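Report on the following structure.
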Amino acid sequence: MLNPELISLENQVFRCYLGWSAILVLKIFATGIYTGLMRFFTATFANPEDLMSPKLKVKFDDPNVERVRRAHRNDLENILPFFAIGLLYVLTNPAAFVAINLFRAVGIARIVHTIVYAVVVVPQPSRALAFFVALGATVYMALQVVLAAAF
C-alpha cells in the first residue's frame, strides 16, 4: 500500500525530487532555446520556411548547431528516465541524505554536462565524468526500485 506521506511536500525527499525535476525541465527548455539561437547566429536553418533571406539555403551541417543538438538529445535520453525512476525511488522511502544527494548529483551533473559539451567546450574527460555521475546515480536509484519491488 502506498503511503500518501511519501508524495507530500512534507516529505523532504519528494520536495527535493520536485525541485531538481523542475530545474532539469527548465534546463531542457534552455538547451532547446540555445539550439534555436545557434541556428539564428550561424544562419543554419533546417526548414525552407525558416530561411530569413532568399539567399540562404537549408543547411544541416553546422558543427556548433549540431553540438548543441547532440547535447539536447543527450538530455532527453537521460533526464526523462530520471523523472520516472526518481519518482519511483521516492516511493521506496529511501534515506533522506542518500536520496537528496542523488538528486543533487543528477541535477548538477546534467547541468555541467551541457556546459562542457555545448556552451564552453572543455576536453574530455569532463563531459564523460558529468555523464557517468548522472548515469550512475540514476542506475543506483533504478536498482533500489527493483530491489524494493521484490519480484
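Worth pointing out:
- Choice from Ala46, Ala118, Ala105 with maximal GNM fluctuation in the chain (Cα, 10 Å cutoff): Ala46
- Electrostatic tally near Val65: other residues with Cβ closer than 13 Å to its Cβ, Lys and Arg +1, Asp and Glu -1, net +2.
- Using C-alpha pairs below 8 Å separated by at least 6 residues, the relative contact order for the range 96-151 is 38 percent.
- Solvent-accessible surface (1.4 angstrom probe) belonging to Leu2, in square angstrom, nearest 10: 90
- Taking a Cβ cut-off of under 15 Å around Tyr89, the surrounding Lys, Arg, Asp and Glu residues balance to a net charge of +2, with basic ones at +1 and acidic ones at -1.
- Alpha-carbon Debye profile of the range 79-131, log10 I(q)/I(0) at 0.13, 0.19, 0.25 Å⁻¹: -0.39, -0.68, -0.91
- Estimated 222 nm signal from helices in the chain, with DSSP H stretches of n ≥ 4 weighted -39500 (n - 2.57), rounded to 500: -24000 deg cm²/dmol
- Share of carbon and sulfur in the accessible area of the chain stands at 69%, probe radius 1.4 Å.
- At least 30 Å along the helix axis (C-alpha) and Kyte average at least -0.5, DSSP helices within the chain: 12-42, 63-90, 126-149
- The Cα trace of the range 34-139 gives Rg and Dmax of 17.7, 60 Å, the first to one decimal, the second as a whole number.
- Calculated accessible area for the range 15-71 comes out at 63 Å² per residue, all protein chains present (probe 1.4 Å; ligands, DNA, RNA ignored).
- By a 1.4 Å probe calculation restricted to protein chains, Val121 has an accessible surface near 90 Å², given to the nearest 10.
The values are calculated or read from the model by the stated rules, or taken from the named source; none is laboratory data. All values derive from a computational prediction rather than experimental measurement. Neighbour counts are summed over all protein chains in view; Cβ atoms, including those assigned to glycine, are modelled from backbone coordinates with ideal geometry. Heads up: the accessible areas ignore ligands, DNA and RNA and are worked out on the full protein's heavy atoms, side chains in. Shrake-Rupley method; radii C 1.70, N 1.55, O 1.52, S 1.80 Å.
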